[in-house]
Structure formats: C-alpha cells, structure tokens
Amino acid sequence: MNRSEPSRNPAAFGRRLLRTRERAALATSLRGAPYASLVLFVVDLDASPLLLLSDLAQHTRNIAFDPRVSLLLDATEDHPDPLTGPRITLVGRAEAVDDPRRMARFAAHHQTSAHYSGFGDFRLYRVAVERGHLVAGFGSIHWIEGSDLLFSADTDALATAEPGILEHMNRDHADVIGDCARHLLGRNGSDWRMTGIDPEGVDLRCRSQTARLDFAAPVLSADAARVALAQLAGNARK
C-alpha cells in the first residue's frame, strides 16, 4: 500500500485494506459484555464483509441477541512495530442473508468452507457497515462513514459475470494468472488461481498464499473486466 494514500483518500485506502484481508477479530455482545472471536470473511463486490457462521457458535448466539458487531482487520504483519502498521475497525450490524451468489463468493475464497457450508446450522451473514475507524500508521487516524468506505457504483452486472470470469480464467488462462503473481507481485508458486473479481481488482490464491492485483480504473461489466485483465497480462509479460 502506498504510504501517502491514507492522507489523500482514507476511504480508498481503507477499502483496499478490506479487500486484502481474509480473517478478522469479531466483537459481539455477550448479553452486554464484550466478546471477541476469530472469523474468516470475504468482502462482497462493494466491500461489505461476508461471514459464514455456525448457529452453534457463541458469536452467532450473541448476534441473535444484539446484531451490532465490530470487526478488527489487521494488516500489520510486515511491520517490526505493529502499532505503526495499518488496521481498520468496522462498526455495523450483522444480518443473515440467503444468497447463493454471495455464498459462492465466500466459498471461492475459502475452499475449506465447502465441507460445512451446506450444513443446516451454517448461515451467511453480511455486515452492514456504518462506520470505519482507520489507523493507517502512527498519527494517521480517520473515522470514515460507511457510505464513503464502501464502493458505491452499481456492481450487479459484474457480480453476475464473476463466476464465469473465474471459471474461464482458471481453466483457460492459468498461465496468465501465474505470470501476474510472479512478475507483478513477486510471488512464488506454480498453481495460482483467481478466487474473486470486483470493480477494483482481482484476488489470487496459491495454497495458503493470497495476493491482490488492482485495476488501473474501476470496472463494472464483463467487457470492462476483460480489458482490465488483458492489461494486467500485458504488464506481466513486459
């Protein structure tokens, strides 16, 4: 992440942080007492967090009592002093959603969830973000309204096209994905896959490694995505 970006556009910096994380500390209310737990998540195309939770888990019982939640996303792993690294706390409400598209998006990012996502006691939750508290580094602290933090343009067309784009890229252009991971990101590994696409970039995975490639400009359709992916491929082969 560009160190100067938070001061220019805290919302865009915070949203990219959301798009690059896959686990978070979830805070819920245990009948009025704070309760924190570790969860996996993925963000939807607008950057709203999606959680797959068991009805039996304590945090899910807490949400049934009080849907107000907070998520802490930590991106300080590369900082010798973690308190100088970026992190963001989201405040909002968790709501259960019965949405096959969103479930498929979650499963694409977290393939082990396929073992239990079909169980009757697991449900997908979307966090309606009300505010975000971004600490981008020492002395760089911003409260961001949810309407500014989330991507506001209509993502329906790209959401509909996402499964087909992933299938096509992983089946027919695995070499391109690998080239992008190695040459644009400096990541090793021979079996990189594309796990998601959104208006601002694509998500990649190779076993336990994850990576993010940003588009030069937002895309909102399959045609625009095709152009943006071709541009990334061309950059990787220069």
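What follows is calculated from the coordinates using simple rules that are stated; it is not laboratory data. What you see is a predicted model; the values in this text were computed from it and never measured. Positions of Cβ are generated from backbone atoms using ideal geometry, with glycine treated the same way; all protein chains shown enter the neighbour counts.
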As I understand it, the value is the acute angle between the Cα axis of helix 156-172 and the longest principal axis of the Cα atoms of the chain; what does it come to in degrees, rounded to 10? 50
Suppose the chain between His115 and Phe65 were pulled fully straight at 0.36 nm per residue; how much longer would it get relative to their current alpha carbon spacing? 15.2 nm
Length gain on complete extension for the stretch Ser37 to Arg131, per 0.36 nm per residue less the alpha carbon to alpha carbon distance? 31.8 nm
Förster-model FRET efficiency, 45 Å R0, Gln58 and Asp172, C-beta, rounded to 0.05: 0.55
Helix 10-20 sits off the longest principal axis of the Cα atoms of the chain, rounded to the nearest 10 on a 0 to 90 degree scale, by 80
A correct fewest-to-most ranking of Trp192, Trp143 by other Cβ atoms within 10 Å would be Trp143, Trp192
Measure nothing fancy, just the Cα-based angle from helix 100-109's long axis to the longest principal axis of the chain, in degrees from 0 to 90, nearest 10. 70
With springs only between Cα atoms under 10 Å apart, run a GNM on the chain and tell me which of Asp74, Asp156, Asp172 wobbles the most. Asp172
Report the full-extension gain for the segment Ser140 to Arg187: residue separation times 0.36 nm, less the Cα-Cα distance, to one decimal in nm. 14.0 nm
Compute the Rg to Rh ratio over the chain from the alpha carbon atoms, using the Kirkwood formula for Rh, and round to two decimal places. 0.96
